[in-house]
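What follows draws every value from the coordinates through simple rules; no lab data is involved. Note that the structure is a prediction, hence the values are computed from the model and not measured. Using ideal geometry, Cβ is built from the backbone for each residue, glycine included, and neighbour counts are taken over all protein chains shown.
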Amino acid sequence: MAITAEEFLKIAKTASKLDAFRDDIIQLKQAKVSNKEILRFLAMNDVHTSASNLCYFLKNLQNEPVQPVINTPITTETVQVNTATQIKSPAEASTIQEENNSVANRPAWASKKSMNELC
């Protein structure tokens, strides 16, 4: 045997020739450039490949897990909730409740003064 599988894997080409243009291809696809135009762009950069190879490369790009952006601060918004309540004495509470009820129960045409006269 002239070469082992391990030796062959060391010298075998594992990366795609499109990997060198990965960021450019992504940028072009985000700009909604057609695959035909991307092939033309690659040919201008002396990279010749087939449309099916480009489609395969793009499909693999879509299946890659999204890498988190490094050094991006995470902002959070703090919301303060006011939970304080005022405690009224029973006498104050009953007068406030009477005022609220009389306003809520009076017809729209009746003024507060006329409602007090009716009761």
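Our estimate of slack between residue 16 and residue 64, defined as 0.36 nm per intervening residue step minus the Cα-Cα distance, is 15.8 nm. A crude spin-label estimate for the pair residue 53 and residue 2, with each label 7 Å from Cα along the Cβ direction, gives 2.4 nm.
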